[in-house]
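Remarks on the structure that follows.
The values are calculated or read from the model by the stated rules, or taken from the named source; none is laboratory data. For clarity, every value in this text was computed on a predicted model and none was experimentally measured. Don't worry about glycine lacking a Cβ; one is built from the backbone with ideal geometry, like all the others, and counts go over all protein chains shown. The accessibility values were calculated without ligands, DNA or RNA, using every heavy atom of the protein model including side chains. Shrake-Rupley method; radii C 1.70, N 1.55, O 1.52, S 1.80 Å.
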Amino acid sequence: MDNYITGPAIKRLREAKGMTQSQLAEQIGVSCKAVSKWETAKGLPDITLIEPLAKSLGVSVMELMSGETVTNKNISANILRSKFYVCPVCGNIIRSTGNAVVSCCGIALPALEAEDTDEEHEITTEKVEDEYFVSVNHEMTKTHFISFIAHLTSDKVQFVKLYPEGNAQTRFQLRGRGYLYIYCNKHGLMKKKI
Ligand SMILES: [Fe+2]
């Protein structure tokens, strides 16, 4: 785990709850001084206190550890606002339609920011009957390859996993305007309007 709870996160969550340090301390059975130390980065709460601390602060353990508050308003239904997360250890690929606290292999994963495709990662599309033939002009070796291609419109995701020594190409159904996303294991996430 690369993230442990931080002092500023405890302070922010406690203040958002309208609690004093001593009120929080009393709820979880520690001294007021202990809470003060955590908040000023002079100490860290023991792992056994994480769950009661999260409960008192009204957040999940994941939120507490990441320092981010996740509000589920169920408003992130537009697929075009999708975020991708890729685990650098096991290669797990996760997509969410809104903000999420994502971790894999014990690592907190950031939402990847997609760059526009560049010369080394050029995507060409060709209409073939009712499909797009999509190909990426990129090597597909074990050390440097395109790991996936996805086509996103407001209501649909088409996702194709690619593997080294295969071809960096696929076909997608024609489904209106949207974005093509590619992920290169060395250069990251890129997108192109289509
Ligand atoms: Fe690349």
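Taken over region 118-142, the criterion of being open to solvent by less than 90 Å² (accessible area, probe 1.4 Å), out of contact with any strand residue (DSSP E or B) (no Cβ under 9 Å at 6 or more places or on another chain) and closer than 21 Å to THR153 by Cβ is satisfied by no residue.
Conditions (1) modelled with pLDDT under 85; (2) open to solvent by less than 40 Å² (accessible area, probe 1.4 Å); (3) at positive phi, marked per residue:
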residue	(1), (2), (3)
THR20	no, no, no
LEU24	no, yes, no
ILE28	no, yes, no
GLU51	no, no, no
LYS55	no, no, no
VAL59	no, yes, no
ALA77	yes, no, no
ARG81	no, no, no
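Pairs meeting the criteria (first residue in region 39-61 and without any contact (Cβ under 8 Å) to a residue 40 or more places away in the chain, second residue open to solvent by 80 Å² or more (accessible area, probe 1.4 Å), beta carbons under 6 Å, at least 6 apart or on different chains) are GLU39/LYS11; GLY43/LYS37; SER56/GLN27. For region 105-117, a residue qualifies if it is touching a strand residue (DSSP E or B) at 6+ places or on another chain (Cβ under 7 Å) and surrounded by 15 or more Cβ atoms within 10 Å (Cβ to Cβ), and the qualifying residues are LEU109, ALA111, LEU112, ALA114, THR117. Taking first residues from region 152-168 that are farther than 16 Å from ILE79 by Cβ and partners that are of a type outside the set (D, E, K, R) and open to solvent by 50 Å² or more (accessible area, probe 1.4 Å), the Cβ contacts under 7 Å between residues at least 6 apart in sequence or on separate chains come to PRO164/THR141.
For region 163-183, does any single residue satisfy the condition of being of a type in the set (Gly, Ala, Ser), within 16 Å of the ligand (Cβ to nearest atom), open to solvent by 20 Å² or more (accessible area, probe 1.4 Å) and more than 15 Å from the chain's Cα centre (by Cα)? For region 163-183, residues of a type in the set (Gly, Ala, Ser), within 16 Å of the ligand (Cβ to nearest atom), open to solvent by 20 Å² or more (accessible area, probe 1.4 Å) and more than 15 Å from the chain's Cα centre (by Cα): present. Residues in region 126-181 that are within 28 Å of CYS90 (Cβ to Cβ), outside any strand (DSSP E or B) and of a type outside the set (D, E, K, R): HIS138, MET140, THR141, THR143, HIS144, PHE145, LEU162, TYR163, PRO164, GLY166, ASN167, ALA168.
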